[in-house]
Amino acid sequence: MSKTLLKEINKRKTFGIIAHPDAGKTTLTEKLLLFGGAIQEAGAVKSNKVKKSATSDFMEIERQRGISVATSVLAFEYKGKKINILDTPGHKDFAEDTFRTLTAVDSVIVVIDVAKGVEEQTEKLVKVCRMRNIPMIVFINKLDREGKDAFDLLDEVEQKLELNVTPLSWPIGMGDRFKGIYNIWEKNIKLFSGENKQKISDGIEIEDLADESLTELLGEEDAENLREEIELVTGVYPDFDNDEYLKGELQPVFFGSALNNFGVQELLNAFIDFAPNPLPKESETRIVRPEEEAFTGFVFKIHANMDPNHRNRLAFVKVVSGTFERNKPYLHVRLGKSMKFSAPNAFFADKKEIVQESYPGDIVGLHDTGNFRIGDTLTEGEELNFKGIPSFSPEHFRYVNNSDPMKAKQFEKGIDQLMDEGVAQLFTMEYNNRKIIGTVGALQYEVIEYRLEHEYNAKVSYENINIHKACWVECKDEKSPEYQDFLRVKQKYLARDKYNQLVFLADSAFTIQMTEQKYPSVKLHFVSEF
Ligand code: GDP
């Protein structure tokens, strides 16, 4: 095993921050980059938020797509480690983007607003992480504001997110009375100081909370409260165990205020200590370990170029094993085609650059003219496909029609490429070949219409269709009379997805229920991988 490879693997930590919009993901990202010295001032990281107004303002969508390519991967160094943050859009219409990005992270930080508690998007995203046993650290943010009681909030996190938490830091007061943080893990206290609480004291070591110095530091009341609360914490929550965290069975919790840069360093230090290096990844045939010499990687995101004159796209590849090298031929497994990349990009906090070599955990941006699809695998020759980029049933469905017969080719190509990018899902009806596009949010239809027109010079029109859910069909015995009957009776509701898998487009929850009752051997799945 090459020493360089091992050294590089041990240096890397690749993670994502997940949060409901407005919880403080952008602010926290920025503070982490400031600590890493990757940016010099606050305000350098642009939020990738899609504002409500964007629905009617296409230039705004374009501008925001530009931002989101810029913030797709942010890399920085801290304490000798190379940290890659993968951006995960919080907006629910882009949830699928986030789900896919989660297949490329080795751990996550969950940000929760102390006043709002556990919100809808957090719940959905954490569920996906839990299903994959991704190690999670929880950061409770905005302690400078009045919010929920810390114990109540931890209860909420345990119940709604089904996590097994243990706090490693603890707030001293909250809102106007917020004084600082007791770091349970390192046994020290950090206090706000100065008029407007903009300054942070150096850590004050507190070996024993019973010590009189605590009373001097915090005053009688706060010192007593802290002692009582920590006693309760120690009694109620399990001890932190790094292995349990790595297995996804225990989640440490930190408190702080990203905006005030408070509690962020504690979080970062803990992250450096606890968070995993690049992990092995399961493929359809075997588990691939990062330290294997041969390069493997997979595409988890595709981003179209901002310049409509060049239909050039950037495919984001996560390196799983070995060393990725510029200009070396690799096998594009799905196409069975050998490809070389002369200008692979590496990402930094504020720029991307051509890179010669990349290592497991890294993200490489490959220029693509339409060869890649999300989930594609690259290897040095091995026929291998990585698992785990499922599609979820869309929420909205519409027929798509080409409304300019002269531009049929452009239309087909546009639809094809946008679907490869994962903007939405395409279903082709079995009995008449009509095309249906399914999306997570209504916003995507406008994005598709705008991009077809501006990038492919094609015009689309939509037609409503009453579909409740797409169900991927599975039947162990495809020759059975029951399955044949299902195919015949449901003929008009069957379609193929992009991977040629059979899908039943059900018009209501009731239909699904009835179908399951009538055809018990036919399994209906809401996810494309089962
Ligand atoms: P995102 O949607 O999760 O990326 O959230 P942002 O980082 O954009 O933050 C949303 C809003 O919350 C912004 O106005 C931030 O300034 C504010 N914010 C972030 N962190 C804190 C904090 O610690 N305290 C307070 N009071 N506001 C915060």
Among K247/K498; K124/K387; K11/K337, the pairs whose Cα-Cα distance exceeds 27 Å are K247/K498; K11/K337
quick shape note, region 396-525: Cα extents on principal axes in Å, largest first -> 48, 25, 22
Once K492 and T428 are pulled to full extension, the length gained, defined as 0.36 nm per residue separation minus their Cα-Cα distance, is 21.9 nm
Restricting to aspartates and glutamates and to Cα separations under 12 Å from K79, and discarding same-chain partners fewer than 8 apart, the set is D273
Rounded to the nearest 0.05, FRET efficiency between E284 and Y450 (Cβ-Cβ, R0 41 Å) equals 0.65
Contact order relative to length for the chain, counting C-alpha pairs under 8 Å separated by 6 or more residues, stands in percent at 13
Full extension between Y399 and H332 adds, at 0.36 nm per residue less the Cα distance, a length in nm of 20.9 nm
The answer for A104, listing residues at least 5 apart or on another chain whose modeled amide H is closer than 5 Å to its amide H, is none
For region 287-303, Karplus-derived ³J(HN,Hα) couplings (6.51, -1.76, 1.60; θ = phi - 60°; whole Hz; x for glycine and proline) come out as 8, 9, 9, x, 7, 4, 5, 6, 5, 9, x, 9, 8, 10, 7, 10, 10
Output for region 132-193: trypsin sites (Lys or Arg not before Pro) sitting in coil per DSSP, at most 16 other Cβ within 10 Å, listed by number, reads R132, R145, K187
Along region 164-180, Karplus-curve 3J(HN,Hα) (6.51, -1.76, 1.60; θ = phi - 60°) to the nearest Hz, with x for Gly and Pro, reads 10, 9, 9, x, 10, 9, 9, x, 9, x, 7, x, 5, 9, 5, 9, x
Once amide hydrogens are built 1.01 Å from N within the peptide plane, the residues lying 5 or more places from L279 or on another chain with amide H under 5 Å from its amide H are none
Over the Cα atoms of the chain the radius of gyration and the largest Cα-Cα distance (Dmax), both in Å, equal 25.1, 84
Given backbone amide H placed at 1.01 Å from N, residues whose amide H is under 5 Å from that of I206, ignoring those fewer than 5 places away on the same chain, are N188, I189
Diffing region 251-266: the Karplus 3J(HN,Hα) column from phi (6.51, -1.76, 1.60, θ = phi - 60°), in whole Hz with x for Gly and Pro, holds 10, x, 10, 10, 10, x, 9, 4, 4, 8, 6, 10, x, 6, 5, 4
In deg cm²/dmol, rounded to the nearest 500, the helical mean residue ellipticity at 222 nm of the chain, built from -39500 (n - 2.57) for every DSSP H run of length 4 or more, is -8500 deg cm²/dmol
With the label point 7 Å along the Cα-to-beta-carbon line of D477 and a cut-off under 13 Å to each amide N, the hits in region 506-530 are 520-522
Per residue convex hull volume, Cα only, region 281-379, in Å³ is 99
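Here, each number is a calculation from the coordinates, and none is a lab measurement. Just so you know, these numbers come straight off a predicted model, no measurement behind them. When we count neighbours, we look across all protein chains shown, and the Cβ atoms used for this are built from the backbone with ideal geometry, even at glycine.
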